[in-house]
Amino acid sequence: MPLAPAFAHTGTGTSAGLLSGFMHPITGVDHLVAMVAVGLWGQLGNPAIWILPIAFPLVMAIGGLFGVSGFDLPFTEIMIAISGIALGLAVAMNIRPPLWAAALLVGVFAVFHGYAHGRELPEAADPLAFGVGFVIATVLLHLCGILIGVLTRWPVGAQLVRASGAAIGAIGGYFLLSAMGLVT
């Protein structure tokens, strides 16, 4: 059964440069929810609030290099979908693993997100500008998650953040079903 690409990874069209790279994670819902979830999950406290959102784009860049080099990384779309599910559930269930475990999980997901977009870079008119725009948008989405996560200081805000995590997990579930060709 062929796998359908997640929303942001259609492989169609040509990426132009900085603006295209910047808009890609914002308009690709699968990427957007995972990036916001990383920022939300950073509410594990210091130093997770900074380590997770910094580690993700750094490791994502390594995954991007794998993609550009033509390295074959199987199950990419499935892992991107699973990242939404896992990160969303971690936020929804207020899971607080040791920092090394959270960073490892975020790093694994970052490799797959970076790889998917690295595969698209050769199509870009200006691959470097596209990559820079993509990383900047990713960092800003992490910051959005961190700012939303500040709501956890209040009981109602904590419930809203957990509900956001559940919504992210559900969106990830949809993308998993899509990647498996079970929904369109």
Skip the ligands, DNA and RNA, and give the accessible area per residue of the chain with a 1.4 Å probe, whole Å².
48 Å²
Sort 31-39, 130-138, 80-88, 56-64 by the packing proxy (mean of other Cβ within 10 Å over each peptide's residues), most packed first.
31-39, 80-88, 130-138, 56-64
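Charges at C-beta only: +1 for Lys and Arg, -1 for Asp and Glu. How large is the resulting dipole of the chain about its Cα centre, in Debye rounded to 20?
So the magnitude is around 600 debye.
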Sum up the charges of everything whose Cβ sits under 15 Å from the Cβ of LEU87, counting Lys and Arg as +1 and Asp and Glu as -1, but leave LEU87 out.
+1
Give the Kirkwood hydrodynamic radius (Å, one decimal) of the stretch 28-179, defined as one over the mean of 1/r across all pairs of different Cα atoms.
15.2 Å
What is the chain's relative contact order, in percent, from Cα pairs under 8 angstrom and six or more apart in sequence?
41 percent
Positive-pole candidate from HIS113, THR76, PRO47, dipole of the chain, charges at beta carbon:
PRO47
Under a 1.4 angstrom probe, counting protein chains only, how are TYR115, TYR174 ranked by accessible area, largest first?
TYR174, TYR115
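I'd like the carbon and sulfur percentage of the solvent accessible area for the chain, probe radius 1.4 Å, heavy atoms only, ligands and nucleic acids excluded.
Answer for the chain is 76 percent, counting heavy atoms of protein chains only.
Give the shape of the stretch 138-177 as rounded, prolate or oblate, defined through the alpha-carbon gyration tensor: a ≥ b ≥ c are the square roots of its eigenvalues, a/c under 1.5 means rounded, and otherwise the shape is prolate if a/b is larger than b/c and oblate if not. List each step's numbers first, then the result.
Working: a/c = 5.70, a/b = 1.38, b/c = 4.13.
In terms of gyration-tensor shape, oblate.
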I'd like to know which of LEU19, LEU140, ALA129 lies farthest towards the positive end of the charge dipole of the chain, counting +1 on Cβ of Lys and Arg and -1 on Cβ of Asp and Glu.
LEU140
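The values are calculated or read from the model by the stated rules, or taken from the named source; none is laboratory data. Everything quoted here is computed from the prediction, not taken from an experiment. All Cβ positions, glycine included, derive from the backbone under ideal geometry; neighbour counts span all protein chains shown. Just so you know, the surface numbers come from the protein's heavy atoms only, side chains and all, with ligands and any DNA or RNA stripped out. Shrake-Rupley method; radii C 1.70, N 1.55, O 1.52, S 1.80 Å.
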